[in-house]
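What follows is a set of notes on a single structure, which appears directly below.
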Amino acid sequence: MIDHVLVPTDGSENAERAVRFSAQVADRRQQAVVTVVFVHLLVSPLATVGTLTPAPEQPLQDFSDEERTRAQDIVDRAVEEVRSLVTSPDVTVTGRVVVDSRADEGILRVANEIDADIIVVGTRGLSTLRGAIMGSVSHALIEKARCPVLVVK
């Protein structure tokens with residue numbers, strides 16, 4: 001039974017397709033809850049490109065008010081998109097920005113917190129580097145998630 005749908009987004013077209021698809025998944029259930037999440041990555045200034053793993057003993061960089069506002073705008077747009085697509089008045093849609101050093105761990109943390117029944121994720125993110133990250137994120141979610149993961153192309 002699918003009662004709680006988690007959909008990560010970064011504002012990319014692939015992520016937005018997943019957002020739209022999550023509305024269809026929730027609408028079929030009629031009383032589902034959809035949670036949209038944006039994971040802001042905190043990385044060490046000395047992290048190796050491609051790994052996004054902090055260097056030992058290096059503090060993680062926080063994100064600026066501008067980045068925080070941008071992340072919240074992406075979440076708010078996705079929440080409104082889902083709300084505009086669902087037909088059941090009993091579908092609840094919420095959104096949040098989380099901060100983590102790894103996108104997959106941030107998503108999985110939220111999935112566990114909300115007891116997600118399914119994660120609907122796009123195949124890639126915004127930039128070339130981010131695209132590599134999101135591709136690896138969807139793969140990591142498939143490997144590690146306790147619930148089914150639907151990858152939307």
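Here, each number is a calculation from the coordinates, and none is a lab measurement. Note that the structure is predicted; figures quoted are calculated from it, not measured.
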Open item on the list: Sorted from largest to smallest, which semi-axis lengths in Å does the alpha carbon gyration tensor of region 77-118 give for its equivalent ellipsoid, taking the root of 5 times each eigenvalue?
Closed with: 24, 13, 7
Task: Gain in span if fully extended, Val99 to Arg83, counting 0.36 nm per residue against the direct Cα distance - done: 3.3 nm
